[in-house]
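Worksheet for the structure shown next.
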């Protein structure tokens, strides 16, 4: 943690410049800044909360490595097995590749990441170790929370549940799940296992839900029921959740009301099927955004830049007005912070994570995506003008 005074900053939502003081890693009243404190003059640049990538798979990345053409078979299982079969050829999980990707994320303004990390009988906990090594190399410039993720299935891949249990006992932060019905064909047992691990280890839950239509909506309801039963409000996330974006308005309204009531949040990666972001925002449901996989065996796309992801989210939602575009940016900042239990903002006590950009407003920042002038993590300058410090 560090102390830093940001002079002549223009916080998102403010019309005038102000000074912002960060003490011991959190925002403090600017008039309490002592003489001689480290100071950065932003010269009126726009100041945003540090970006939070609320849904990543950094363990899979080949960022900085060789280009490998995508060869996986069709469908979800084709991608799953394609990733497993080509891991050795790709040299993943690689702490070097993960470090390279996280470096690009840092200079692009990301200060915190939630990454799903593959745990399976094929590689055990190797991906967890690689991610931890990469984060340690970056020496506090970015923080990470990991999700024990059963990419190859929890029930159909015997031994996975036991490995996840071990990973959680050794410090993995959340327990994950994937398509309890569509992939596992046993949603009750899958969710019993996931929520059982969460209860045993006292951790939160983040479940991938790709299933569409009525089957997907049914699984929303099952997850909501278990969240209520275990009192896990505010600690459960549904990732992707495409079916909500396709559902009839009345069904959307019913599910959104239950999400708001239970405190279950959503994470989206700007797919072709957009979540009803305006309705979710009006209901107070936390929605975070993430880059998903970046340059990996699932997809050759992505850079790790959350402004780029905000642009995709806004475009696919059909947003054009400034206030709409800012909804997408909120998912990359405040929404992700809510999902990950962080206090983002400009008030005393908020986390001292910020990114400065030379634009006239937040909507322009999303549309132009300029080089990040300054990135601050916990009061420490960690990147300047697109380069790591």
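A short reminder: the numbers here are calculations on the coordinates, not readings from a lab. Just so we're clear, the structure is a prediction, and the values are computed from it rather than from any experiment. Counting neighbours? That spans all protein chains shown, and the Cβs are built from the backbone with ideal geometry, glycine included.
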* Label-point separation, residue 246 to residue 273 (7 Å along Cα→Cβ), nm -> 0.4
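Tell me, what are the semi-axes, in whole angstrom and largest first, of the equivalent ellipsoid of region 310-363 as set by the roots of 5 times the Cα gyration tensor eigenvalues? Write down the numbers at each step before the final one.
Numbers: eigenvalues 98, 40, 13 Å².
Computed over region 310-363, the values are 22, 14, 8 Å.
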* Asked: Hey, rough spin-label estimate for residue 162 and residue 88, points 7 angstrom out along Cα→Cβ, what's it come to in nanometres?
  -> 2.3
* Can you give me the relative contact order of the chain as a percent, contacts being Cα pairs under 8 Å and 6 or more apart? -> 22
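So for 111, 99, fewest C-beta neighbours within 10 Å to most, what's the order? Could the numbers behind the result be given before it?
Working: 111 30, 99 22.
Ascending number of Cβ neighbours within 10 Å: 99, 111.
Using a 10 Å cut-off around each Cβ, can you sort 154, 48 from fewest to most neighbouring Cβ atoms? Write down the numbers at each step before the final one.
Values: 154 30, 48 26.
In order of increasing Cβ crowding within 10 Å: 48, 154.
FRET efficiency for residue 199 and residue 261, Cβ-Cβ distance as r, R0 = 30 Å, nearest 0.05? Don't skip to the end; give the middle numbers.
Numbers: r = 21 Å, r/R0 = 0.69.
For residue 199 and residue 261, the calculated efficiency is 0.90.
Ratio of region 153-258's C-alpha Rg to 2.2 N^0.38 Å, to two decimals?
Normalised by 2.2 N^0.38 Å, the Cα Rg of region 153-258 equals 1.05.
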* For residue 364 and residue 185 in the same chain, what is the full-extension length gain: residue separation times 0.36 nm, less their Cα-Cα distance, in nm? -> 59.9 nm
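Compute for the chain: radius of gyration divided by Kirkwood radius, i.e. Rg/Rh, restricted to C-alpha atoms, rounded to two decimals.
Here Rg/Rh amounts to 0.96.
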* Expressed in nm to one decimal, what extension gain is obtained for the pair residue 41 and residue 253 from 0.36 nm per residue of sequence separation less their Cα-Cα distance? -> 71.7 nm
* Structure fact -> Put in order of increasing Cβ neighbours within 10 Å, starting from the fewest, 367, 243 give 367, 243
* Considering only DSSP beta bridges whose two residues both sit in the chain, what percent are antiparallel, to the nearest 5? -> 40
* Structure fact -> Length gained, residue 389-residue 281, 0.36 nm per residue minus C-alpha separation, equals 35.3 nm
* Structure fact -> For the chain, longest principal axis from Cα atoms; helix 213-230 axis from its Cα atoms; angle between them, nearest 10 degrees, is 70
